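*Asks:* A single structure is presented below for examination.
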Amino acid sequence: MASCRIKISVGWSLTQIIAGMMIASLSSPSLASPTLMPRPAEVRFGAGFLPLPNGLVADWQGCRSDRLERAFSRLERDLAVRTGIEPQRLGRVGAAKLTIRCGQDANSLGVTAKEAYRLETNLSGVRIDAEGPDGVLRAFATLIELVEIGPAGAQIATVDIVDHPRFVWRGLMIDVARHFISIETLERQIDAMAAVKLNVLHLHLSDDEGFRVESRRFPKLQGVAAFGQFYTQGQIRELVTYAADRGVRVVPEFDVPGHTKALLTAYPELASVPAKPGSGPALFPAALNPALPASSRFVAQLFGEMAGLFPDPYFHIGGDEVNGALWRADPRSAAFMTKQGLSGPAALQARFTEQVRRSLSAQGKIAIAWDEALDGGLDTSVVMQAWRSSKSVALSARAGHAVIVSAGYYLDHLLPASSLYAVDPFDVTAFGLSPDAYAEAKRGLAGAFITDAMAVDPRLGLTPEQEKLILGGEAPLWSEAVTDEMLGSRLWPRTAAVAERFWSARSVRDADDMSRRLVATGELLNLLGNREQSSREAMVMRLSPGDSKPVLTLLDASAPTRYFSHNHTMRSRLRGAGPQQQDFNALADASPVDSAVITRFDASVDRLLAGDQTAAPELAAQLHAWRDNDARFAAVAKGHPALEAALPRSRDLAELAGYGLDALERLSSGKPTAGDWSLRAKALVSRLNAEPAASADAIRSLVAAQPPADLLLPASAGVGRLVNAVHSQ
Ligand code: ACM
């Protein structure tokens with residue numbers, strides 16, 4: 001942040017300074033530094049705290065605007081929620097001064113918005129000095145993380161933070177087509193995004209299952225293709241404004257020419273001939289027919305209307321998973337390809353994409369497309385969203401395209417935060433099938449879906465010039481198996497780990513430290529209004545009326561199986577068994593991907609094995625709770641199939657906890673193990689540790705048998721370490 005002015009002279013009132021020093025000196029310094037996520041570029045904590053008995057009062061120095069004043073009001077509300085200060089006291093005499101200075105930014109909310117800031121708190125007040133208004137928003141997000149309740153009430157840690165993002169594009173994609181997501185739920189996600197400094201909400205607004213935006217020009221889109229669930233144009237405008245207020249851009253995606261079954265239900269005259277059984281992968285049942293001039297006209301007119309609703313210059317046109325067999329089977333497309341000298345479906349798609357790109361460009365829009373669009377050649381102004389494997393990051397950048405990296409960040413794959421966190425956008429081998437896994441998958445049941453694009457190429461890398469083309473990344477959440485109710489818990493707190501990957505320096509990589517902070521960040525997000533925790537609890541209450549505690553205890557020790565293993569509709573379709581209706585009312589739907597209980601358990605195991613005996617009582621309490629939960633779970637499960645399906649899991653957890661308790665006792669008493677205890681304990685731990693293998697990648701997850709109730713028991717790792725420690729005495 002070379003141009004950020006950091007020297008500000010502010011006139012603090014003497015009474016404020018004295019009052020501050022007196023109260024500050026009464027508060028004892030906190031033992032742990034406050035949790036910051038994403039981790040800022042530079043942080044220097046001071047000693048002591050600035051008391052905030054009546055919150056903050058803003059002193060605007062040059063960049064006051066309605067937008068920033070609204071942001072300050074939200075900051076005050078968050079401060080009240082975080083500390084319990086009654087809102088009417090905020091800003092009264094004794095409130096600490098928050099001096100806010102920022103430069104102008106003609107590109108505010110654009111892809112090059114100035115987001116760098118400096119945040120200084122000392123015993124006399126708080127200062128923000130930002131390059132532009134968006135930097136003030138980022139500073140406010142950091143500020144709320146620094147606030148806590150100390151012995152004398154609300155306080156803020158003294159600190160000097162200098163911060164700026166690594167990538168300009170830090171996105172989250174939400175699929176609102178497969179399951180419709182309400183505006184209210186989306187707004188809560190925008191709040192959470194802003195709290196972790198994500199700045200792009202990519203909405204996947206159309207797919208085979210629905211078209212979700214009102215069109216005045218093509219009203220059958222909401223009348224027929226939305227199946228009753230869509231956003232009005234007014235709602236879209238409000239959502240875009242809501243996001244802009246929080247420094248979040250909304251980028252729309254209308255997927256063409258594939259993933260258009262819903263659209264083509266409304267306008268069947270634009271379709272290629274319907275898929276015949278056996279003519280191609282059944283998962284991709286429909287595509288526009290690009291050989292028809294009416295198709296290009298329709299898309300140009302529709303996108304013209306939709307582009308007017310979304311002010312962002314970027315507009316996503318989809319382009320993924322087009323079933324070329326539909327075009328080969330369609331006499332009109334086949335004749336068109338021959339006449340135009342097009343070598344096949346990829347070339348036909350490229351021609352169509354170029355037409356769409358030109359029509360968007362005429363409206364000042366930059367097209368984004370999923371990486372398949374590169375296969376037939378493409379104008380370099382199109383931004384590629386790399387998803388099939390990290391290889392496409394390299395291929396796209398080599399071809400001169402700006403790139404958004406999504407390979408490795410799919411949230412619907414239900415991988416733990418540490419897996420997503422380990423993927424760096426510059427690492428073009430980070431995600432994809434190894435050459436051996438590719439060969440095996442090609443021969444398997446899902447071989448028809450496997451393409452070379454899904455395999456990594458260990459020989460590829462990025463030059464410094466190519467790295468400059470990487471705009472950043474986006475974590476997608478596809479919603480085939482995610483309802484409105486589940487959305488928050490499928491996103492948070494995991495997405496905060498991805499947000500850190502996109503914001504913080506590449507060298508910030510300590511997964512254990514991230515996991516510890518993720519727990520605190522999850523708590524903060526819940527406190528600020530994200531309902532990740534309460535919506536899970538509501539789902540459990542519904543499953544287990546009257547006594548949900550035993551179910552929650554089991555779920556907090558669990559994780560859902562990964563990738564598509566819990567997508568029963570997709571699994572049965574792949575087996576040719578036809579679609580199967582799935583209710584999202586199973587325990588796996590409420591199971592946390594990164595359980596805070598497990599994170600704490602694992603951290604206590606670390607401490608104990610490092611010699612800290614104070615960890616033993618916590619571990620014992622947790623293990624007793626798991627062991628004793630089984631009888632209670634069995635009692636509430638009786639007669640409820642969704643719960644009964646998890647009975648074997650509950651028994652496994654109890655048995656595992658029993659071995660954990662034995663191990664703790666033997667570690668403290670030094671008593672040798674008796675009989676085959678060690679063998680039995682290790683056999684159970686190995687069985688549970690091996691279970692994630694059945695859903696270790698997309699293909700296995702679709703075909704392999706899964707553990708009961710599609711639940712994993714990640715406590716096995718920590719208990720396994722306790723058991724091994726006994727053995728090695
Ligand atoms: C995609 O996941 N089909 C882009």
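The values are calculated or read from the model by the stated rules, or taken from the named source; none is laboratory data. All values reported here derive from a predicted model rather than from experimental measurement. In this analysis, Cβ positions are derived from the backbone assuming ideal geometry, glycine residues included, and neighbour counts consider all displayed protein chains. Remember, those area values only see protein heavy atoms, side chains included, never the ligands or the DNA or RNA. Shrake-Rupley method; radii C 1.70, N 1.55, O 1.52, S 1.80 Å.
*Asks:* At 1.4 Å probe radius, can you tell me the per residue accessible area of segment 432-500 in Å²?
*Replies:* I get 40 Å² per residue for segment 432-500.
*Asks:* Next up: Suppose the chain between E523 and T338 were pulled fully straight at 0.36 nm per residue; how much longer would it get relative to their current alpha carbon spacing?
*Replies:* Extending this stretch completely gives an extra 60.6 nm.
*Asks:* Right, another one. With θ set to phi - 60°, apply the Karplus curve 6.51 cos²θ - 1.76 cosθ + 1.60 along segment 145-156 and write out the HN-Hα couplings as whole Hz, x wherever there is a Gly or Pro.
*Replies:* Result, ordered by residue: 6, 8, 7, 8, 9, x, x, 9, x, 4, 8, 10 Hz.
*Asks:* Could you list which residues have their amide H under 5 Å from that of L433, counting only those 5 or more apart in sequence or on another chain, with H placed in the peptide plane?
*Replies:* Answer set, sorted by chain and number: A455, V456.
*Asks:* Once you charge only the Cβ atoms, +1 for Lys and Arg and -1 for Asp and Glu, what is the size of the charge dipole of the chain about its Cα centre, to the nearest 20 debye?
*Replies:* Using only the charged Cβ atoms, the result is roughly 600 debye.
*Asks:* State in Å² the accessible area per residue of segment 124-167; use a 1.4 Å probe, count heavy atoms of protein chains only, and round to the nearest integer.
*Replies:* For segment 124-167, the per-residue accessible area is 19 Å².
*Asks:* Ranked highest first by average number of other Cβ atoms within 10 Å, how do 533-542, 612-621 line up?
*Replies:* 533-542, 612-621
*Asks:* Run through the DSSP bridge list for the chain and note the antiparallel percent, rounded to the nearest 5.
*Replies:* The antiparallel fraction comes to roughly 40 percent.
*Asks:* Sticking with this structure for a sec: Would you pull out the residues with amide H under 5 Å of Q385's amide H, same chain only if 5 or more places away, H placed 1.01 Å from N?
*Replies:* A369, W370, D371, I404
*Asks:* Right, another one. With the contact rule set at Cα under 8 Å and sequence spacing of 6 or more, what percent relative contact order holds for the chain?
*Replies:* 10 percent
*Asks:* Using the heavy atoms of the protein chains alone and a 1.4 angstrom probe, what is the accessible area of segment 284-371 per residue in square angstrom?
*Replies:* Value for segment 284-371: 36 Å² per residue.
*Asks:* If packing is taken as the mean number of other Cβ atoms within 10 Å per residue, what is the order of 470-481, 82-93, highest first?
*Replies:* Top of the packing list down: 470-481, 82-93.
*Asks:* With every protein chain kept in the model, how would you rank Y117, Y563 by accessible area, 1.4 Å probe, largest at the top?
*Replies:* Final ranking, largest accessible area leading: Y563, Y117.
*Asks:* Using a 7 Å offset from the Cα along the Cα-to-Cβ direction at both A725 and A538, what is the distance between the two label points in nm, to one decimal?
*Replies:* My value for the distance between the label points is 4.0 nm.
*Asks:* Ranked from highest to lowest mean number of other Cβ atoms within 10 Å per residue, what is the order of the peptides 293-302, 417-426, 103-112?
*Replies:* Result, highest mean Cβ count within 10 Å first: 417-426, 293-302, 103-112.
*Asks:* Express the carbon and sulfur contribution to the solvent-accessible surface of the chain as a percent, rounded to the nearest whole number, probe 1.4 angstrom.
*Replies:* The nonpolar share, carbon plus sulfur, comes to 55 percent.
*Asks:* With θ taken as phi - 60° and the coefficients 6.51, -1.76 and 1.60, list the Karplus ³J(HN,Hα) couplings across segment 265-272 in order, rounded to whole Hz; mark glycine and proline as x.
*Replies:* Those phi angles translate into 5, 7, 10, x, 5, 9, 8, 5 Hz.
*Asks:* Now, a different point. How big is the shadow of the Cα convex hull of the chain, averaged over all directions, in nm²?
*Replies:* 33.8 nm²
*Asks:* So for segment 443-591, considering every pair of alpha-carbon atoms, how many percent are separated by more than 20 Å?
*Replies:* 65 percent
*Asks:* I would also like to ask the following. What is the set of long-range amide H partners of V256 at a cut-off below 5 Å, with H atoms built 1.01 Å from backbone N?
*Replies:* Here G318, G319 satisfy the definition.
*Asks:* Name the residue from A113, P165, I149 whose Cα lies farthest towards the positive end of the charge dipole of segment 52-190, charges +1 on Cβ of Lys and Arg and -1 on Cβ of Asp and Glu.
*Replies:* Value: I149.
*Asks:* In whole Hz, with x marking every Gly and Pro, tabulate ³J(HN,Hα) for segment 69-75 from phi via Karplus 6.51 cos²θ - 1.76 cosθ + 1.60, θ = phi - 60°.
*Replies:* Here the 3J(HN,Hα) series is 5, 5, 5, 5, 4, 5, 4 Hz.
*Asks:* Using a ≥ b ≥ c from the Cα gyration tensor of segment 79-169 (square roots of the eigenvalues), is it rounded, prolate or oblate, where a/c under 1.5 gives rounded and otherwise the larger of a/b and b/c decides, a/b for prolate?
*Replies:* Prolate, because a/c is 1.5 or more and a/b exceeds b/c.
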